[in-house]
Amino acid sequence: MKIKALYPGTFDPITNGHVDLVARAAVLFHEVTVAVAGDTVKNPILGLEQRIELAKLALAPISNVRVCGFNGLIVDVANRMGVHVMLRGVRSISDFENEFQRVSVNRMLGHGVETILMTPGEGQAHISSSLVREVALAGGDVGRFVPPAVKAVLDAVLMAQPSDPFHLNFNVTGQRIGGPL
């Protein structure tokens with residue numbers, strides 16, 4: 001039986017931890033779809049199209065992975081795609097507690113969508129998109145935490161902006177559109 005998996009997230013930005021999880025999942029499943037969230041309360045610094053493109057670049061070497069954007073409930077997306085397995089990464093106890101609640105709700109809404117929680121690979125547990133954003137906004141080097149294409153985009157977007165990290169927000173092309181993070 002060919003089992004497809006769905007790995008949803010904001011991926012703002014995609015990190016080496018995300019890439020590691022997808023690479024390990026790609027060995028377990030016939031196909032893994034990385035679903036990048038468009039409508040999110042997280043107020044991403046990168047636009048949806050940028051995040052999709054960066055995910056495609058970062059995951060290109062893995063042949064059975066595809067990337068798409070989505071809006072709405074991820075369980076509805078999974079049902080439309082005929083996917084019955086959703087992947088979530090858990091780095092810590094607090095991640096587990098958050099995901100445990102999400103799993104229960106998704107199970108009620110998802111009509112047969114099961115969630116598999118995956119722990120990070122060696123050396124990846126400390127990496128999170130929010131930490132990468134924080135380091136990048138403070139002018140730090142995020143090269144050890146993200147794929148090279150992601151670092152290049154973050155560097156370009158942040159170098160073109162004023163130095164006030166508390167009022168940065170960007171559209172898809174990396175232009176500042178104002179407002180707090």
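Annotations
- Helices (runs of 4 or more DSSP H) lying entirely in the stretch 33-143 (those with 2 or more residues that are polar (S, T, N, Q)): 93-110, 129-137
- Beta carbons closer than 9 Å, at least 6 apart along the sequence or on distinct chains, pair a first residue in the stretch 68-82 that is closer than 23 Å to LEU57 by Cα with a second that is at pLDDT below 95 and of a type in the set (Asp, Glu) for PHE70/ASP39; PHE70/ASP76; ASN71/ASP39.
- Some residue of the stretch 69-86 being under 24 Å from GLY121 (Cβ atoms) and among the acidic types (Asp, Glu): no
- Where a residue in the stretch 85-98 is of a type in the set (Lys, Arg) and its partner, wherever it lies, is assigned to a strand (DSSP E or B), with Cβ under 9 Å and at least six apart: ARG88/TYR7; ARG88/PRO8; ARG88/GLY9; ARG88/THR115; ARG88/ILE116; ARG88/LEU117; ARG88/MET118
- Per the listing LEU57, LEU48, the residue uniquely within 12 Å of the chain's Cα centre (by Cα) and not acidic (Asp, Glu) is LEU48.
- The single condition among (1) at pLDDT 95 or above; (2) surrounded by fewer than 22 Cβ atoms within 10 Å (Cβ to Cβ); (3) within 15 Å of the chain's Cα centre (by Cα) that ASN43 does not satisfy is (1).
- Among the residues examined, ASP20 does not qualify as assigned to a loop (DSSP other than H, G, I, E, B), touching a residue at least 60 places away in the same chain (Cβ under 8 Å) and on the phi < 0 side of the Ramachandran plot.
- Residue match in the stretch 43-61 (condition: over 26 Å from GLY143 (Cα atoms) and without any contact (Cβ under 8 Å) to a residue 60 or more places away in the chain): no
- Residue that is surrounded by the fewest Cβ atoms within 10 Å (Cβ to Cβ), among those in the stretch 120-147 that are out of contact with any Pro (no Cβ under 8 Å at 6 or more places or on another chain) and of a type in the set (S, T, N, Q): SER130
- Taken over the stretch 46-57, the criterion of being in contact with a helix residue (DSSP H, G or I) (Cβ under 6 Å, 6 or more places away or on another chain) and either surrounded by fewer than 21 Cβ atoms within 10 Å (Cβ to Cβ) or at pLDDT below 90 (or both) is satisfied by LEU57 alone.
- Among the residues of the stretch 1-14, those identified as buried (at least 17 other Cβ atoms within 10 Å of the Cβ) and either among the hydrophobic types (A, V, I, L, M, F, W, C) or within 16 Å of VAL65 (Cα to Cα) (or both) are LYS4, ALA5, LEU6, TYR7, PRO8, GLY9, PHE11, ILE14.
- Of all residues in the stretch 138-181 being touching a Gly at 6+ places or on another chain (Cβ under 7 Å) and closer than 11 Å to PRO13 by Cβ, the one that is modelled with the lowest pLDDT: VAL157
The values are calculated or read from the model by the stated rules, or taken from the named source; none is laboratory data. Just so you know, these numbers come straight off a predicted model, no measurement behind them. Every residue, glycine among them, receives a Cβ derived from its backbone with ideal geometry; neighbour counts consider all protein chains shown.
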